[in-house]
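> Sharing a structure with you now.
The values are calculated or read from the model by the stated rules, or taken from the named source; none is laboratory data. Quantities reported herein were computed from a predicted structural model and do not represent experimental measurements. Positions of Cβ are backbone-derived with ideal geometry, glycine not excepted, and every protein chain shown enters the neighbour counts. Protein only, heavy atoms only, side chains kept; ligands, DNA and RNA dropped before computing areas. Shrake-Rupley method; radii C 1.70, N 1.55, O 1.52, S 1.80 Å.
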Amino acid sequence: MSNLRKTFISNAERKFLNKNLEEWNRLDGRSFQEFRDVQIEFGKDWGCCQVSLGKTKVLAQASCELQVPKSSRPSEGILNINLELNSIGDPSFESNKQSDLASQLNRLLEKCIKDSKAVDLESLCVKMNERVWAVRVDVNLLNNEGNILDCASIAALSALAHFRRPDVTCDGIEYKIHSFKERDPIATVIHHYPVCISYAIFAGGDYIVADPSWLEEGVADAFLSVGLNGHKELCGLHLVGKVQLTPERVLETTHRAAQRAGSVIEVIKGAVEKDTSEKLLLKDTGFHKFDLQPIDLPLSELSLCLDHWSTAKGKKKKKPTKTETDQEEEESIKISKKEEIAELIPKEWDVVESDDDETSDDVVAIEPPKAEPVIIGDTESEEEDVIILNTPKNNSPKKKKKKQSI
Amino acid sequence: MSAITTIDYLLPGEIVDNLKSKDRHTIIGPGLRRNEENPNKSLIVTQAGWLRFRSPNTYWIDSRRNRYIPKKGDLVIGIVTKKSGDIVRVDIGSAETASLSVFSFEGATKKMRPDLNIGDIVYAKLLTAHKDMEPELVCIDQYFRAGRLGILSNDGFLVCLNLNLAETLLNAENPLLRTLGKKFPYEIVIGVNGRAWIKANQAKDVLTICKTFEVAKNESEKSIIEACRQTK
């Protein structure tokens, strides 16, 4: 977003990146199996969300309309996912033109969400053979810093999970769509939550890097995208590029992706639940409620960079900023207290809330089986994963320590 | 250096009247253009930003833009994107790629061509930069000497800064690069188009510099100087 336009990767960048990978380093300081943070923000409308994966940003909006069903499936609703890569996100993308990349990503998203039957299409049927709901998810790229697919799949899924369609009645001839004020909106039934997890493969399969950045995407030999849901079920696998990977390597990576998928789904569910409950309580929600990302990093960070050998100095300088954040926290507590008072007033809405609990009951039912496979991975921390990956490569853990000190 | 005064926040299209410059000579920096209807007396603003003035006669606009607009005489870093005969296309971050003749290197003749490959980084000077024409680069000065211009080695790394930071770092009084230089040796080339080529002995050092720039992007010039002073 704040970057200059980048269009072409120079040989120097290629060489430097490959050299760093040989030393088991990534340019942004992440470990090979480390993903960027996912942040989900919901808009004022149902089914509107903005997802950021690091600096990659995607905006998704779900919408619906009544349609005549397909004659082959008269009792099923229609789901469309449409990913648009426009030049806002990356100047090298041309808007109004379906590029190869766009159609490939679109197909992958469809494969992951639509073909895995994540959304209950039968519940979208209004009257067989006559009217069904056609749900459409538009995903727009806002900023490209690599790994659009993961970000888009999270956005599309959160938009669908958050989406509510209006109630509809039929008096025999005409269909009447009720406004949200007349009748409570209906949530979409989602059977399971499939997300895409992408990896970039370098040097003929020697290095597999999770969640590739823009530069890594440009340099990589091949890509592996895995669609997985919370039950560790595979909803799609896509390996593209020139590389020969052994099946064991793919399986190993898929296992690791399953862990990540679990944590991502947790984030999606948590965010959707939180926003839904806030909306039902008639709280003021929307993008304007979210603070812009803090542009001003504390000055201490710059000093830290300048003397990265004497970290003790940096710690001293950090102290004043900590006290500031403490004060901010205190303030925020005060605000939340005020909001609690506001919560108490609309008691009628409690009924609706229980309605919502039904969907969350489904969620609870899904969660227990997830606990079992976790045993394979032992801990959620990704750093330990790296050690597992690195040790067979005769790479001493000393280097990792160095990395942390940087 | 005389003090810089900030006059007003202006939007594109606005006209700057009552110039304070002496002898009717005005030097204009980025974001300003001569007003053809009333030359010598007024300027047209082409970018949104703060109008700054330094006596006796310099005007420019300080803005937070992220797109580089070529200007004649700028020293820029570009990437070779295409080779076609005697001319190579170089991406310098502007709307259009710039052209660079293979003969505009020191000592280049029909038989002695420089070794230019796609993806190479060049440090070059803008010979022409007209708003209606593609920019043209050269790697020699008016005495046909390369000086520091030319192909940069592939052992370095290229980072994108933003334009403001590039300008800040190019200011010789800025202590950031010097402070970093006390920690470890490195080579750096900064182009006005907001790109920097860095080469150091260790990859770790390059990454440290990248991280420093990433943080410094969001800092004002004052706080950068302050941070450098603290580390001494």
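> Average the reciprocal distances over every distinct pair of alpha-carbons in chain B, invert the result, and give the Kirkwood radius in Å.
19.5
> Looking at segment B:6-78, which GluC sites (Glu not before Pro) are in a loop (DSSP not H, G, I, E or B) and have at most 11 other Cβ atoms within 10 Å?
Those satisfying the criteria are B:GLU36, B:GLU37.
> On a C-alpha basis, how far is the centre of segment A:222-283 from the centre of segment B:89-107 in Å? Whole number, if you could?
The distance from the Cα centre of segment A:222-283 to that of segment B:89-107 comes to 44 Å.
> Nearest-5 percent of antiparallel DSSP beta bridges in segment B:37-187? List each step's numbers first, then the result.
Values: 25 of 27 bridges.
Antiparallel: roughly 95 percent of the beta bridges in segment B:37-187.
> Take A:THR188, B:THR109 and sort them by solvent-accessible surface of the protein heavy atoms, 1.4 Å probe, largest at the top. Before the final figure, lay out the partial values.
On the way: A:THR188 15, B:THR109 70 Å².
Correct descending sequence by accessible area is B:THR109, A:THR188.
> Now for a different question. Tell me the mean residue ellipticity at 222 nm calculated for chain B from its helices only (DSSP H runs of n ≥ 4, each -39500 (n - 2.57), averaged over every residue, nearest 500).
That calculation yields -5000 deg cm²/dmol at 222 nm.
> Loop only per DSSP, at most 15 neighbouring Cβ atoms within 10 Å: give me the GluC sites (Glu not before Pro) in segment B:56-162, ordered by residue number.
Passing both the DSSP loop test and the Cβ count: B:GLU96, B:GLU106.
> Loop sites only, by DSSP: take the chymotrypsin sites (Phe, Trp or Tyr not before Pro) in chain B that have at most 13 other C-beta atoms within 10 Å and name the longest stretch containing none of them.
The longest such stretch corresponds to B:1-142.
> Shifting gears a bit: Could you check the spin-label model distance between B:LEU177 and A:SER123? Points 7 Å from the Cα along Cα→Cβ, value in nm.
6.1
> Quick check: Cα centre of segment B:173-218 to Cα centre of segment B:1-75, how many Å?
Here the two parts' Cα centres lie 30 Å apart.
> Accessible area of B:ILE28, 1.4 Å probe, to the nearest 10 Å²?
It works out to around 60 Å².
> So how strong a dipole does segment A:11-289 carry about its Cα centre when Lys and Arg Cβ are +1 and Asp and Glu Cβ are -1, to the nearest 20 debye? If you can, show how the numbers build up before the last one.
Details: 34 positive and 40 negative charges, 57 e Å.
Dipole of segment A:11-289, to the nearest 20 debye: 280 debye.
> All other residues with a Cβ under 9 Å from the Cβ of A:THR188 taken together, and with Lys, Arg as +1 and Asp, Glu as -1, what is their net charge?
+1
> Right, another one. Regarding segment B:170-210, what whole-number volume in Å³ per residue does the convex hull of its Cα atoms give?
67
> Projected area of segment A:1-133, taken from the Cα convex hull and averaged over every viewing direction, in nm²? The partial results should precede the final answer.
On the way: hull surface 45.8 nm².
Projected area, direction-averaged: 11.5 nm².
> Show the residues, 5+ positions off or on another chain, whose built amide H is closer than 5 Å to the amide H of A:ARG164.
Counting only residues 5 or more places away or on other chains, the set is A:GLY47.
> For each pair in A:LYS55/B:LYS222; A:LYS127/A:LYS176; A:LYS176/A:LYS279, compute the distance between the two Cα atoms and list the pairs where it is over 22 Å.
Numbers: A:LYS55/B:LYS222 27 Å; A:LYS127/A:LYS176 13 Å; A:LYS176/A:LYS279 25 Å.
Pairs exceeding 22 Å: A:LYS55/B:LYS222; A:LYS176/A:LYS279.
> Compute the relative contact order of chain B as a whole-number percentage, counting only Cα pairs closer than 8 Å that sit 6 or more residues apart in sequence.
It comes to 14 percent, rounded to a whole number.
> Using Cα-only point scatterers and the Debye equation, what is log10 of I(q)/I(0) for segment B:4-62 at each q in 0.19, 0.24 Å⁻¹, rounded to two decimals?
Scattering profile of segment B:4-62, log10 relative to I(0): -0.56, -0.93.
> How high is the FRET efficiency between B:ILE15 and B:GLU187 when r is their beta carbon distance and R₀ equals 60 Å, given to the nearest 0.05?
With a Förster radius of 60 Å, E is 0.85.
> I would also like to ask the following. Which value, to two decimals, describes the C-alpha radius of gyration of segment A:11-289 once divided by 2.2 N^0.38 Å?
1.07
> Ordered by residue, what ³J(HN,Hα) values in Hz, to whole numbers, does segment A:11-25 give under the Karplus form 6.51 cos²θ - 1.76 cosθ + 1.60, where θ = phi - 60° and Gly and Pro are x?
With the stated coefficients, segment A:11-25 comes to 4, 5, 5, 4, 5, 5, 5, 5, 5, 5, 5, 5, 8, 6, 10 Hz.
> What is the distance, in nm, between label points placed 7 Å from the Cα along the Cα-to-Cβ direction at B:LYS222 and at A:ASN80?
Taking the two extended label points, one gets 5.5 nm.
> Do any GluC sites (Glu not before Pro) in segment A:100-181 lie in a DSSP loop with no more than 11 other beta carbon atoms within 10 Å, and if so, which?
When the GluC sites (Glu not before Pro) of segment A:100-181 are filtered for loop state and at most 11 Cβ neighbours within 10 Å, A:GLU174 remain.
> Tell me, what are the semi-axes, in whole angstrom and largest first, of the equivalent ellipsoid of segment B:157-230 as set by the roots of 5 times the Cα gyration tensor eigenvalues?
Sorted largest first and rounded, they come to 17, 15, 11 Å.
> Next question, about the same structure. Rounding to the nearest 20 debye, state how big the charge dipole of segment B:75-152 is about its Cα centre with +1 on each Lys and Arg Cβ and -1 on each Asp and Glu Cβ.
Dipole magnitude for segment B:75-152 comes out near 240 debye.
> Enumerate the amide H contacts of A:GLY236 below 5 Å, restricted to partners 5 or more residues apart or on another chain; note that Pro and chain-start residues carry no placed amide H.
A:GLY227
> Ranked by accessible surface with a 1.4 Å probe, highest first, in what order do A:ARG260, B:ARG34 come? Write down the numbers at each step before the final one.
On the way: A:ARG260 25, B:ARG34 120 Å².
If we order A:ARG260, B:ARG34 from most to least accessible, we get B:ARG34, A:ARG260.
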